[in-house]
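The values are calculated or read from the model by the stated rules, or taken from the named source; none is laboratory data. Only a predicted model underlies this, so the values are computations on that prediction, with no experimental measurement involved. Ideal geometry is used to build each Cβ from the backbone, glycine not excepted, and the neighbour counts take in all protein chains shown.
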Amino acid sequence: MASCFRPKQRKRSKSWFKDFQYNPQKDEASDVRNILLIVATLIATVTFPSGVNPPGGVWQDDDYGHEPGRAIYASRKEDYYVFLFFNSVALSSSVLVIMCLTFAFPFYIEILVATASMLVTYGSSIFAVTPGNSIKFRYILMGAALPFVEKQENLCSNCRREISGDNLCIKCGSEISKISKDVEG
């Protein structure tokens, strides 16, 4: 009878987080690429409009010495530049991921032109709403360019991919000699 009143032992639940992690043994490359494209597109979709139309909007009139069309949030200079810097880095990083994942696909040139045009539009828009005579704006542009800076050493000249530790190209498997690495780097 005593066993009837004994509480059941609960099974320990496994972490659901592990089920969603990347597993190279079971996840197909095409599925991973599609998921990354969706995430990168979502990030670009969120960051582009927030740079074009900053939080708080823009001044509509010149009351109290404000310049119409300038970001209201820019009156809090440090906060505004932190927002602009990280928003720009997020947008350019997501565009870089989109360009890398669609490389050699049909219409790649069109995608490249569209994404480059989007970045130029973004840059001109944040330039238009950011108060003038600001040195910090240069840091925003450098931050936006940061994801596009590529380390040039240890790259295969044919594939332009990073080589593995044993001097083999990851993509084509060709051996990279020390001389060719010195010429490329």
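Can you tell me which residue within the range 41-87, out of those that are assigned to a helix (DSSP H, G or I) and of a type in the set (G, A, S), is farthest from S117 (Cα to Cα)?
Applying the filter and picking the extreme gives G65.
Taking L36 as meeting all but one of (1) at pLDDT 90 or above; (2) over 24 Å from P147 (Cα atoms), write down the number of the exception.
Of everything listed in (1) at pLDDT 90 or above; (2) over 24 Å from P147 (Cα atoms), L36 misses just condition (2).
For the range 93-111, enumerate the residues that are among the hydrophobic types (A, V, I, L, M, F, W, C), in a helix (DSSP H, G or I), closer than 19 Å to I38 by Cα and without any contact (Cβ under 8 Å) to a residue 60 or more places away in the chain. Before you say what the answer is, go through the steps one by one.
Taking the range 93-111 as the starting set, the residues that turn out to be among the hydrophobic types (A, V, I, L, M, F, W, C) are 95-101, 103-105, 107, 109, 111.
Add one more test, that the residue is in a helix (DSSP H, G or I), and what stays is 95-101, 109, 111.
Imposing the further condition that a residue be closer than 19 Å to I38 by Cα reduces the set to 95-101, 111.
Scanning the range 93-111 gives V95, L96, M99, C100, I111.
If only one of A90, A128, A114 is more than 20 Å from the chain's Cα centre (by Cα), part of a helix (DSSP H, G or I) and surrounded by 12 or more Cβ atoms within 10 Å (Cβ to Cβ), which one is it?
That would be A128, the only listed residue that is more than 20 Å from the chain's Cα centre (by Cα), part of a helix (DSSP H, G or I) and surrounded by 12 or more Cβ atoms within 10 Å (Cβ to Cβ).
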